[in-house]
């Protein structure tokens, strides 16, 4: 694929993210990931495997942070090389719903807001679908702070 095509695919994927589950655009979010996509989160946990599982975790995220928003018009950085894209954007939201942790705990809503730089590195196939998605950086640390109820510490504004 050409660089411009990949940049357009990434941008419209994030437009769909911002529209959220239940929006007609959400189908774009689903279709931009292969059936067997691998989504890698920081911290070394096993990746989320499969479009369905990634959709479920994304929908749960929206239940916890219903006002979350990724600023992708314009991104801070967005480029394509080969079959990869890399984006960096400001990402914000407020914890208005409960959060389920990996070990089954439920964290009640705190009402605290976050604003972070968020990076996505994606590998695309010739059909315009993500085969592998990585969220590098210290997002895992930030997620842990949410789970520990320390959302308002310096990583968040």
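If you go through the range 8-17 one residue at a time, do you hit one that is more than 19 Å from residue 70 (Cα to Cα) and either touching a strand residue (DSSP E or B) at 6+ places or on another chain (Cβ under 8 Å) or surrounded by 17 or more Cβ atoms within 10 Å (Cβ to Cβ) (or both)? No, because not a single residue in the range 8-17 is more than 19 Å from residue 70 (Cα to Cα) and either touching a strand residue (DSSP E or B) at 6+ places or on another chain (Cβ under 8 Å) or surrounded by 17 or more Cβ atoms within 10 Å (Cβ to Cβ) (or both).
In the set (1) free of Cβ contacts under 8 Å to residues at least 24 places away in the same chain; (2) more than 22 Å from residue 23 (Cα to Cα), the condition left unmet by residue 74 is number (2). Taken as a whole, the condition of being without any contact (Cβ under 8 Å) to a residue 24 or more places away in the chain, in a loop (DSSP other than H, G, I, E, B), surrounded by fewer than 17 Cβ atoms within 10 Å (Cβ to Cβ) and within 17 Å of the chain's Cα centre (by Cα) does not apply to residue 104. Being surrounded by fewer than 18 Cβ atoms within 10 Å (Cβ to Cβ) and touching a helix residue (DSSP H, G or I) at 6+ places or on another chain (Cβ under 6 Å) is a description that does not apply to residue 47. Would you confirm whether or not the range 47-61 contains a residue that is out of contact with any strand residue (DSSP E or B) (no Cβ under 7 Å at 6 or more places or on another chain), without any contact (Cβ under 8 Å) to a residue 12 or more places away in the chain and closer than 19 Å to residue 118 by Cβ? Yes, because at least one residue in the range 47-61 is out of contact with any strand residue (DSSP E or B) (no Cβ under 7 Å at 6 or more places or on another chain), without any contact (Cβ under 8 Å) to a residue 12 or more places away in the chain and closer than 19 Å to residue 118 by Cβ.
Of the residues 117, 133, only one is part of a strand (DSSP E or B), under 16 Å from the mean Cα position of the chain (by Cα) and either surrounded by fewer than 16 Cβ atoms within 10 Å (Cβ to Cβ) or modelled with pLDDT under 55 (or both); which?
Values: 133 fails: either surrounded by fewer than 16 Cβ atoms within 10 Å (Cβ to Cβ) or modelled with pLDDT under 55 (or both).
Exactly one of 117, 133 is part of a strand (DSSP E or B), under 16 Å from the mean Cα position of the chain (by Cα) and either surrounded by fewer than 16 Cβ atoms within 10 Å (Cβ to Cβ) or modelled with pLDDT under 55 (or both), namely 117.
For the range 84-100, residues that are in a loop (DSSP other than H, G, I, E, B) and free of Cβ contacts under 8 Å to residues at least 40 places away in the same chain total 3. Exactly one residue among 67, 90 is modelled with pLDDT of 95 or more, within 18 Å of residue 13 (Cα to Cα) and loosely packed, with under 14 Cβ neighbours inside 10 Å, and that residue is 67.
Against the numbered list (1) on the phi > 0 side of the Ramachandran plot; (2) touching a helix residue (DSSP H, G or I) at 6+ places or on another chain (Cβ under 9 Å); (3) modelled with pLDDT of 95 or more, residue 79 comes up short only at (1). When the range 16-55 is limited to residues that are within 12 Å of the chain's Cα centre (by Cα) and assigned to a helix (DSSP H, G or I), the one that is farthest from residue 96 (Cα to Cα) turns out to be 29.
The values are calculated or read from the model by the stated rules, or taken from the named source; none is laboratory data. Treat the numbers as computed from the prediction; the structure is a model and nothing was measured. No Cβ is skipped: glycine too gets one built from the backbone with ideal geometry, and neighbour counts run over all protein chains shown.
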